[in-house]
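The next block holds one structure in the form of structure tokens; read it before the comments.
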Amino acid sequence: MKARSGISKLTINRMVIYYNTLKNMLEEGVEIFISTELGRRTGIGPSLIRRDLCNFGDFGTRGMGYRVESLMEWIGAILGYDAIWNIAVVGEGLPSLVLSHYYNFLPPGFQIKAAFDLDDRYHNLVLPDLGLAIEGLEKLNTTIRKKKITIGLVVTGPQDAQPVTNRLIEAGISGIANFSPVPVMVPDNIALTQINLSTYLSQLSYDLSDLSPEGSPQRMDGNERRYALG
């Protein structure tokens, strides 16, 4: 496997798409495929698929294609799916509860091992799917070290995002996934990804604005616009 230096986040995003598509193909009983088939299923050009794969090594046999299971295992190793990643969710009320219920959608190797909430009304509430009780932040350091947690998911309001991030780092977290609506800052030795739902919805609304008038959304009046802007 080649070194990872210089690999863009867009490339990694596509590798995730390839992995998930290969997983579906494997479940369908497909054993061997060519890049045009993967392109048809993903909407990504075959030449770009081949370039992405070449960033990490030589896959497949010219004229014969790729083996689904082997390539899926290779991509999984590139994405770190062959390791165990213990996760702590730190949130505030309903958003953290909703995110915790999506554990079935986590990639291989990722496990939610702890949940914390800023609102003490949720403390000791048991998340049945995870078998975890929500804890207060006073237990953050002890739990993270005891359960060897390396990734923190921040699901708070904007005013608490940076303080919670700081506390996670102080507790020994190595990576942060920030779901709050504002960016956070971390030291260079901490991995960070910012996941702002409003960004994706804004991209969607921008694309939808090109639809015909029949598909255009209802426009807000002046009072509604003032309310939305606070």
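The values are calculated or read from the model by the stated rules, or taken from the named source; none is laboratory data. Because the structure is a prediction, the values reported are computed rather than measured. All Cβ positions, glycine included, derive from the backbone under ideal geometry; neighbour counts span all protein chains shown.
Pick from segment 147-165 the residues that are outside any helix (DSSP H, G or I) and either among the β-branched types (Val, Ile, Thr) or not assigned by TED's automatic domain parsing to the domain that holds ASN124 (or both): which of them is farthest from ARG121 (Cα to Cα)?
THR150
When you look at ILE144, is it in a loop (DSSP other than H, G, I, E, B) and under 14 Å from ILE87 (Cα atoms), yes or no?
Considered against the rule, which asks whether it is in a loop (DSSP other than H, G, I, E, B) and under 14 Å from ILE87 (Cα atoms), ILE144 comes out as no.
Which residues, counting only those in segment 133-150, are surrounded by fewer than 13 Cβ atoms within 10 Å (Cβ to Cβ) and touching a residue at least 24 places away in the same chain (Cβ under 8 Å)?
Those that are surrounded by fewer than 13 Cβ atoms within 10 Å (Cβ to Cβ) and touching a residue at least 24 places away in the same chain (Cβ under 8 Å): ARG145, LYS148.
What's the number of the condition ASN13 fails, among (1) farther than 16 Å from LEU79 by Cβ; (2) assigned to a helix (DSSP H, G or I)?
(1)
Test each condition in (1) free of Cβ contacts under 8 Å to residues at least 24 places away in the same chain; (2) of a type outside the set (Phe, Trp, Tyr); (3) farther than 22 Å from GLU92 by Cβ for ILE195 and report the one that comes out false.
Among (1) free of Cβ contacts under 8 Å to residues at least 24 places away in the same chain; (2) of a type outside the set (Phe, Trp, Tyr); (3) farther than 22 Å from GLU92 by Cβ, the lone unmet condition for ILE195 is (3).
Pick from LEU125, LEU153, LEU208, LEU130: which is of a type in the set (A, V, I, L, M, F, W, C), within 24 Å of ASN13 (Cα to Cα), out of contact with any Cys (no Cβ under 6 Å at 6 or more places or on another chain) and surrounded by fewer than 19 Cβ atoms within 10 Å (Cβ to Cβ)?
Going through LEU125, LEU153, LEU208, LEU130 in turn, just one is of a type in the set (A, V, I, L, M, F, W, C), within 24 Å of ASN13 (Cα to Cα), out of contact with any Cys (no Cβ under 6 Å at 6 or more places or on another chain) and surrounded by fewer than 19 Cβ atoms within 10 Å (Cβ to Cβ): LEU208.
For segment 35-54, which positions are crowded, with 16+ Cβ neighbours inside 10 Å and either assigned to a loop (DSSP other than H, G, I, E, B) or in contact with a Cys (Cβ under 9 Å, 6 or more places away or on another chain) (or both)?
Scanning segment 35-54 gives a single hit, ILE44.
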